[in-house]
Structure formats: C-alpha cells, structure tokens
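Only one structure is covered here, and it is reproduced in the block below.
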Amino acid sequence: MASADSNTKPLQTAMKMAKAAIQLDGGNRHKEAYCEYLRTINYISHALLEEAASQKDREMAAVEEERMLRLAEQCLERAKSFIGRSADPPDATPACTSGLPGLPEPPPAAALPTTIPAVSAGSPVQAEQKVTSPKKSGHRRVLSDGGGELSPFLPPEVFQRLQTVASQDTSRKELTPIEEASRLNQKLKANYEARLARLAPGQAYQKTSLTLSLQRQMMENLIIAKARQDALQRKMEERRLRLQEEANRRFAASGAMTAEDQEQRILYTNVLEYEQDHDWPKQWKAHMKENPDATLVSDLVSYLLSQSDHPVVKLLRKHQYRVYNKLYPLVSKGLPQSPALPLRPSHSIHNLLHSDAQWKSVGSVGGQSFTADSSISPSRSQNLHYDNQDTEESHTPATVDRENSFEDLEQFLTQLDWAPLHSSIEDADLGLTCDPSEQPEQDEDVQELEIRALKEHLKAIVKDIHIAIDQLLSLCLLSFECLNTASFKDLCLASIEEAFFTPLWSALVALFRKVHGEREQAFEISMKLYQDASPGDVGVPLKLFPQNPDVLQGSCPYESAVQELKLLVQDCCPQRKLECIVRTLRLICACAEDYRCLHEADSAPQTAAIGADDLLPILSFVALRCQCPQLVAECAALEEFIHEGYLIGEEGYCLTSMQSALAFVESLHMGRADLPADKLL
Amino acid sequence: MAAAGAGGGGRTYSFKVVLLGEGCVGKTSLVLRYCENKFNDKHITTLQASFLTKKLNITGKRVNLAIWDTAGQERFHALGPIYYRDSNGAILVYDITDEDSFQKVKNWVKELRKMLGNEICLCIVGNKIDLDKDRHVSVEEAESYAESVGAKHYHTSAKLNKGIEELFLDLCKRMMETAQAEERVKGNGASQSASSRRGVQIVDDEPQATPAGGCCSSG
C-alpha cells in the first residue's frame, strides 16, 4: 500500500469505478449502475478506513480524503435516486431532491482543472512559454531612470523578447496530448457551467449528475492524454537516439572531434529531428532536385528563416542575442560625439544597479590600472591590467558576470573621460567616481585608453559575427545539401546575412561610430567648410560638370548620385549597402558622361571614359554633398563584412574608392590653404 | 570542399591587377584598348575605365582579370595602399616623353615592394611610343631600371594599339606561375581558402553558365 504512487491510487480507482457506474447509468442499465455506485461507495469507505487505521503515516492528504468522501456522497445520491425509479418516468424524478445537501461548489471544476498544469509542467510545450518570458540574465538594468534620457537601444532582454515574439507570429506550435486534453476539458467545464446556470435552484439531482459526468469526462480525457503523452515521449526518445546515431555516422568521417564539431553534431541532430516532424524540408528538397534554380534557392532560404522553430533559426536568434548582449553595454551609453552634439553622461545611470559595488573596487585604483575578467578582454598587451577572475574574487562581488565587468570598465573609462567636459552638468555618479583634481592630466590618456579598449571590443565582436555567420551557413548547408554549390552557397549566405544583420546593424554601427569618432569629426568639419563648394574646388575637371547653373535646374551637380548615397544609412544589411555604393558610382559615371556630352555638343562624341583620376574627385564631391559623417563608420563596417569573393570585384573596387574619397574629405579641412593649387589640376 | 579541380578545365584563376601612373600618361586609354570588345560597341562597364574585367583562356586555364585603376593625383596618394592590397600584379605606366612620370613610377615601385614584397608581378610600361621623336626617357635607362627591381619592361602605344596585348598576356602568365608556385609551397593547395584574402584567389569551377549541370547531386 505504501508504494510511491499509492497516494493517488485510491482516488483514481474510485473515480474509475464511479465513471463505470455513470456509463452504465447513461446506458440505462439501472440495476448494474446502482450496484456499481454502491461498490464505489464501498471501495471508498474501505480505502478510507484502511487509511484511518494505519495511523502512523497518513499518506493520504486531507484534500484527497475530502474528495473521496464527496465522491461517495455523490454516488450515494445517485444510488438513492434509483429507488422507485422503475415506477417513475425517467424525466420526472422529484423523489430524492429533498434532504440531500446540494453541492455547494462544483468540486470537479475546482479540483480537476487545477491538476492540469501540474501534469503538463514537464511537457515540451511548457518550454515555449519559458522562452517567451524574458530570460533572467545577470544584469538588471533600470529601464527608466526617472527624467533621465534613455538610450535608443533596447536592453538585451527586450531585444530577445522581440526576437521571439516576432518569430512566433509566423508559426504556431502543435499542442501536446496533455495540452489538447486540458483545452478540451476547459470547454467541457464551460459547457457544464452554462448548463448549471440554466438549472432551476431546486434541481439538485441534475446538478449532481452533471457534476459527476463532467468529472468523469475530464478525468477520462486526462488519463487518455497522459497515456498518449507517455507513448509519444518514449517514441521521441527512441527517435532522438536513432537520429543521434545518424548524425554520429555523418560526422564520423571527420576524425577527431573538436568542441565545434560536437556542437555542429548536436545541431545536426536537431535538424534531423525537426525534419521528422515537418514535411516541408522534404518537399523543398524534392523541388530543388527537379529544378535547381537560383530563385528557388532564395525562396527556400527565406522560407527556412521564417520557420521559428527550425534549428537554423534558433541558432540565428541565439547568436544575434549574444552579439547584441555584447554591443549593448558599449553603445547604450551615448552615441558617437560630434562637436555639435551634447554628450549625455546620464546614460550611464542605466547600469547603476549592478555596478555600484564594482566601482568601488575598480575606481579606487585611480585610473591607472583597471581590472576586468581576462577571458573577455581580447588584449592583454595594454596598460590595462586584466587579472584572472581567481585573484579578482577577493574584491569583486561573486555575482558579477562577464558582461558586467566589461561594462563597468567601459563605464568607468567613459565617465572619467567625459567628466571635465561636463563639469556643469550635475551628475552624482561623476562626483563619486572621479576626483576632479586629477582629471586634466589623465584626460588624454584615458580617452586614448577608452578608444583602444573599444577597438578591442569591436575586433572581438566582429570576429564573433564572422564565426556566427560561418556556423549558420554550415548548418544551413547541412540541412539542405542541395545548396552546397558555389553559386547557391553565396545566395544562401546573402539571405542569412540579411536576416542576421538587420536587427543588429544600428547597434553595430553605433560602436563603429564610437571607434571612428575622430574621423567623423574631421569629416564633419570639412563638410561644413565645403558646403558651398563646387566640384571644381575638390579637383573635378571642368569638362566633367556644367558651369552653367541653368543646366542643372536648381539641383547640384551629380545630384542623383548624392541622393543615392544618402540612402546608404537606411539599409540594414552590408550586402545592400554595398550595392548602394556600386549604384552611386555607376550614377556618377552616367552623370559624368552626360556632362561631358554637354561640353562636346559640337564635336563627335568620342568615348574617352572616365578613369580613377576623374572618379575619385567626383566621388569626394558627392560624399561632401551627402552631409552624412556616419558614412565613415558605415564604410568601416562594410570593410569588415564584405565577402572575400567580392573583394576584388566591382563591389570591392567601389568600396575602396568610397573609402579613399572619405579619407580625402576628412583631410580636406587641414589642407585648405593649398586648395587653389589643386584646382589647377 | 573536396571537389576542386574535378572538371576538365580545372580551376579559374582570379587575379587583381592595379594600374598606377601619373595623370596624363594614358593609362586609361591603355586599359580601355585592352578590354575593347570588337563585337560590341558597349564594351565599357558601368564604371567605365575605373574598373574593368576581362576573361581569358591561357593554355587551357581560365583567368578572370580584374583591373583596378587608381587616381594618379598626389592628394590621393596616401590612399594607395588600400587599392593595391591583395593585388597579384601591378602595371606602372609612364609617358616616354615625360621624365617626371618615370620618376613617379620609381616611387611606386619602392612602395609596392615595401608593402607587398616580391609576390606581386610588376610591369613597367613606357606608353606613347608613337611619339618617339619626343622621347625623354631612354630605352636603356628604363629597361635596366626595370631589371634592377625585378620588373619587366614593355613599350606600348594606346593610340596605335601596339604592345598592349603582349603586355597583359605576359603578365597573366607570370601571375599564374607565381600562383602555382605558391600552391606547391602550400602543399598542393589543401588550404587555399585560408589564404584567399591575401594573394591568389582560386575558386572552384562554378556551374554558373550551365544551369542544367552540376547542381545538387554532382554524382
């Protein structure tokens, strides 16, 4: 009796018996039903008696006992109703309504539904809900710091939630048997309640009967569901093992297993598992075999990326979140500073919660040595002292995770750096962390240190992104082997990159802007100095732009190229940005051709095409007119993410030319004196 | 991928060649002349003479040539390195009637050797031989200089279309030799992809022109 699961057994058995009785009852087999009700009552009283007798360890909970008794009561009621039934017509049964206590609360409604979540807690469906809820990560940030200004970047937690919400719209998960049953039961309960409400207050008998049959149905549903769930789980487990073996076989050829191989193998197992559950991969593969076509490739990949539960998409989200999580602390504290923009140290308040304690340990060192976890700091060769966590533990709180120590170093540097510029701004934090008297001498050093640290972060993040994209591509190619040809692979990569970069680009470029802040400032100064300059002022030969303003009808020369280049910052994917640059250069060539034709209207149009000697000055002019210092950071980022295959092609050439033009513009304000000489060229 | 070089044509070599030279030496005409297509008037790419490509077949091997023009003006000089990084070859053009343009070539040679070492194939080109009567750079001087820096010297005339074909063909052959030598050193090209960013780029034969063959199941 005292076996592990005996706790629930008496009640369940009793329920089963009562159910049988009700079934007989429903089948108009009154006599048998009557007996079955009595047997149930008998069983219940027996079970309860036994329980009561073995005083030592009362296994059955009071709730359980109460439920059993209530069930007995209901069975008794039903049994009573049979007395004299043979005489009465089936519907008119007023006999036993009196004297019996009507059920004050419908017990099944209270009891059964509450057990449902408990049963399904371990089911896979529950996991879905867990994902949607924000993951508790180490850093809790203050989302709104009163009147303080918020950074334009979402905290990683919110970013992650948006990721999942967005992808959940596209596909719904199938319900597990238990979930299905619980839905069914909810419907049953609703019906029951509706029916109960329609009953007259005196009809206790019907009430009881409804209650019992609801209880029975719900119980039944759950038991069936449980059995199905168990069977399903067993099958899933078997299948998982089988697929695992398959994946092992596939990777066996590669010999020794590195950690990456291991990870790849697990991912591949997940893919196989997914493909057992979904038909579309098979269908697409068949399509591709019949008709291997480039347009089909893009369709396939974009379809794949819309399936939020496919392992590729899960991996994509994981990597995006990781990158964003690294970017956020670096970029959320303020945008790249051009002289015109006020600095906003108040952004740092975002991180207050966690970092207070840390600052004390870090800040007290006086700006000469900073501490951080070595594993996250890519460079060890600098003035910064990256200690091991072990030696660090004595004075840092144990709860600190990597990002935080990161963040705090950053924050500390940032604050030191900005403090003198904003002595007028009231900021309690600044007062805490920096001793104003030490500031002036350290300022430059610290600024340099900050930039250097940011550069290292940037390098590490760029590397992470490359690794992430490589991994995504190879998983994609593993999932669909038909994509593994040189040209299809490129298409596949393009789609992956677009999906990967789109939500990340603004944060990514913000970091690039911080790192290239000085260059942007130089660009901006030149931009202002030369805002009214003509193409000739930056070295464009006279024959390549119209001197007569009427020809242009109010717009500036090369206006179409300028407009095109302005669109660059709006795209969120490197490949598209690159295409934008190529279009800009092509437009320049087309415009140049037109302008030259204007000059040579009389003479025969000889095709002396423009070369780099002409192209670069024009491109510099277009960049100036674009009035967008952010181009500097954007192009620096493109440089990192351009495909190797494009490097020596037209895209590579255009990007290189753009970079040269930008660098030339940056240098313009310094060499203004010798401009007339340039003009002569 | 292990399927490299399976087909009859083997690989496609992709080479990057930078074009260097002062403003008026005629490098644009030179390269335009070379990429001219006799059967098509619209031979110039959308980027005109700044960036040109040419597909060649040399001794049964396919070669894709990407020719990068650079700005000759002094003020763009500082940006040179980003143009010629990863180049396999460089064509340095001077005007035989302009001593100054030859001096510029010498400067570029120095810089290229400093930045790229000996892996880059250098061609020094005396252009405008149709104006031989105004020659200011002697043939002997130019050729001995070229030899001294490990470069080859050529005489061309864009106007008369002389010497240009030979120049590019010769350069391609030299770049192929360099690439093959590099492959041998690297152990039969087992890890080419790792080095593709620097130096030779060798891509697998792509089935781009023949959509019916080679896709999906290449068995």
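The values are calculated or read from the model by the stated rules, or taken from the named source; none is laboratory data. All figures in this text were calculated on a predicted structure; none of them were measured in a lab. FYI the Cβ positions are ideal-geometry reconstructions off the backbone, even for glycines, and counts take in every protein chain you see. Just so you know, the surface numbers come from the protein's heavy atoms only, side chains and all, with ligands and any DNA or RNA stripped out. Shrake-Rupley method; radii C 1.70, N 1.55, O 1.52, S 1.80 Å.
The table below gives the values:
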| quantity | calculated |
| --- | --- |
| Qualifying residue in the range A:541-552 (condition: under 30 Å from A:Tyr321 (Cα atoms) and either open to solvent by 20 Å² or more (accessible area, probe 1.4 Å) or aliphatic (A, V, I, L, M) (or both)) | no |
| Looking only at the range A:545-575, and only at residues there that are in a helix (DSSP H, G or I) and hydrophobic (A, V, I, L, M, F, W, C), the one that is farthest from A:Ala510 (Cα to Cα) | A:Val551 |
| Subset of the range A:611-669 (residues that are over 27 Å from A:Phe545 (Cβ atoms) and aliphatic (A, V, I, L, M)) | A:Ala633, A:Ala636, A:Ala637, A:Leu638, A:Ile642, A:Leu647, A:Ile648 |
| Of the criteria (1) at pLDDT 90 or above; (2) under 24 Å from A:Asp490 (Cα atoms), which one A:Asn325 fails | (2) |
| Of all residues in the range A:593-602 being more than 8 Å from chain B (Cβ to nearest Cβ) and open to solvent by less than 60 Å² (accessible area, probe 1.4 Å), the one that is modelled with the highest pLDDT | A:Tyr595 |
| Selection within the range A:475-521 - within 22 Å of A:Glu666 (Cβ to Cβ) and open to solvent by less than 20 Å² (accessible area, probe 1.4 Å) | A:Leu508, A:Val509, A:Ala510, A:Leu511, A:Phe512, A:Val515, A:Gly517, A:Glu520 |
| Evaluation of B:Glu165 against (1) at pLDDT 95 or above; (2) open to solvent by 50 Å² or more (accessible area, probe 1.4 Å) (one fails), failing number | (1) |
| Counted residues, the range A:195-205 - those being surrounded by fewer than 18 Cβ atoms within 10 Å (Cβ to Cβ) and under 20 Å from A:Ile22 (Cβ atoms) | 4 |
| Helices (runs of 4 or more DSSP H) wholly inside the range A:437-544 that include at least 2 residues being acidic (Asp, Glu) | A:439-479, A:486-501, A:517-529 |
| B:Gly26 being more than 9 Å from every other protein chain (Cβ to nearest Cβ), under 26 Å from A:Lys489 (Cβ atoms), open to solvent by less than 40 Å² (accessible area, probe 1.4 Å) and modelled with pLDDT under 90 | no |
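For every residue, the table says whether it meets (1) surrounded by fewer than 22 Cβ atoms within 10 Å (Cβ to Cβ); (2) within 13 Å of chain B (Cβ to nearest Cβ); (3) more than 24 Å from A:Ala522 (Cα to Cα); (4) in contact with a Cys (Cβ under 7 Å, 6 or more places away or on another chain).
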{"position": "A:Asp614", "(1), (2), (3), (4)": "no, yes, no, no"}
{"position": "A:Pro617", "(1), (2), (3), (4)": "no, yes, no, no"}
{"position": "A:Ser620", "(1), (2), (3), (4)": "no, yes, no, no"}
{"position": "A:Gln627", "(1), (2), (3), (4)": "yes, no, no, no"}
{"position": "A:Gln630", "(1), (2), (3), (4)": "yes, no, no, no"}
{"position": "A:Ala633", "(1), (2), (3), (4)": "no, no, no, no"}
{"position": "A:Glu640", "(1), (2), (3), (4)": "yes, yes, no, no"}
{"position": "A:Tyr646", "(1), (2), (3), (4)": "yes, yes, yes, no"}
{"position": "A:Gly652", "(1), (2), (3), (4)": "no, yes, yes, no"}
